[in-house]
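Trainee: First the structure, which I've put down as structure tokens, then a few questions once you've had a look.
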Amino acid sequence: MSTTTTNYDFDYFVIGGGSGGLASAKRAATHGKKVGVVEYDRLGGTCVNVGCVPKKIMFMAASIMDTMKHDASQYAFSG
């Protein structure tokens, strides 16, 4: 049985690639640190991918649609 050993050398290591983790990693990198980030799922975290941001986009789209539905005739749109 063979084993492989990999060495990693980071000045700063972030667990979690959400908004806070990525901001922290970027900040450390701007100060010249060698940074590593580990994330179980997609970078950006819950808020960016499935929470706050998508909810706000869907709310705004529905709000615009509702406004258009009620005000379209005043702008000579129909349908």
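Trainee: Count neighbours as other Cβ atoms within 10 Å of each site's Cβ, and list the chymotrypsin sites (Phe, Trp or Tyr not before Pro) in the stretch 44-79 that are DSSP loop with at most 11 such neighbours.
Mentor: Answer by residue number: PHE77.
Trainee: Roughly how tilted is helix 19-30, in degrees to the nearest 10 and between 0 and 90, from the longest Cα axis of the chain?
Mentor: It works out to around 50 degrees.
Trainee: Write down the accessible area per residue of the chain in Å², having rolled a 1.4 Å probe over the full set of protein chains. Walk me through the numbers before you get to the answer.
Mentor: Values: 6860 Å² over 79 residues.
Accessible area per residue: 87 Å².
Trainee: If you build the convex hull over the alpha carbons only and average its shadow over all orientations, what do you get for the chain? Give it in nm² to one decimal.
Mentor: Working: hull surface 40.9 nm².
Taking a quarter of the hull surface, the average projection is 10.2 nm².
Trainee: Would you work out the relative contact order for the chain, in percent, from Cα pairs under 8 angstrom that are 6 or more residues apart? Provide the component values of the computation, followed by the final result.
Mentor: Numbers: 66 pairs, mean separation 19.5, N = 79.
Over the chain, the number comes to 25 percent.
Trainee: Quick one: angle between helix 52-71 and the longest Cα principal axis of the chain, in degrees between 0 and 90, rounded to 10, please.
Mentor: Between the helix axis and the principal axis of the chain, the angle is about 10 degrees.
Trainee: Would you list which aspartates and glutamates come within 20 Å of LYS55, measuring only between C-alpha atoms, while excluding same-chain residues fewer than 8 positions from it?
Mentor: Within the straight-line limit of under 20 Å, LYS55 reaches these aspartates and glutamates: ASP41, ASP66.
Trainee: Something else: Name the chymotrypsin sites (Phe, Trp or Tyr not before Pro) in the stretch 1-49 that are in a loop by DSSP and that have at most 15 other C-beta atoms within 10 Å, would you?
Mentor: Details: sites: TYR8, PHE10, TYR12, PHE13, TYR40; in loops: TYR8, PHE10, TYR40.
Passing sites in the stretch 1-49 are TYR8, PHE10, TYR40.
Trainee: Considering only protein heavy atoms and a probe of 1.4 Å, how much of the accessible area of the chain is carbon and sulfur, as a whole percent? Intermediate results must be reported in sequence, preceding the final value.
Mentor: On the way: 4070 of 6860 Å².
Of all accessible area on the chain, carbon and sulfur atoms account for 59 percent.
The values are calculated or read from the model by the stated rules, or taken from the named source; none is laboratory data. In this text, all values refer to a predicted model and were calculated from it rather than measured experimentally. Neighbour counts are summed over all protein chains in view; Cβ atoms, including those assigned to glycine, are modelled from backbone coordinates with ideal geometry. Each accessible area value is taken on the protein alone, full model and side chains, heavy atoms only, with ligands, DNA and RNA left out. Shrake-Rupley method; radii C 1.70, N 1.55, O 1.52, S 1.80 Å.
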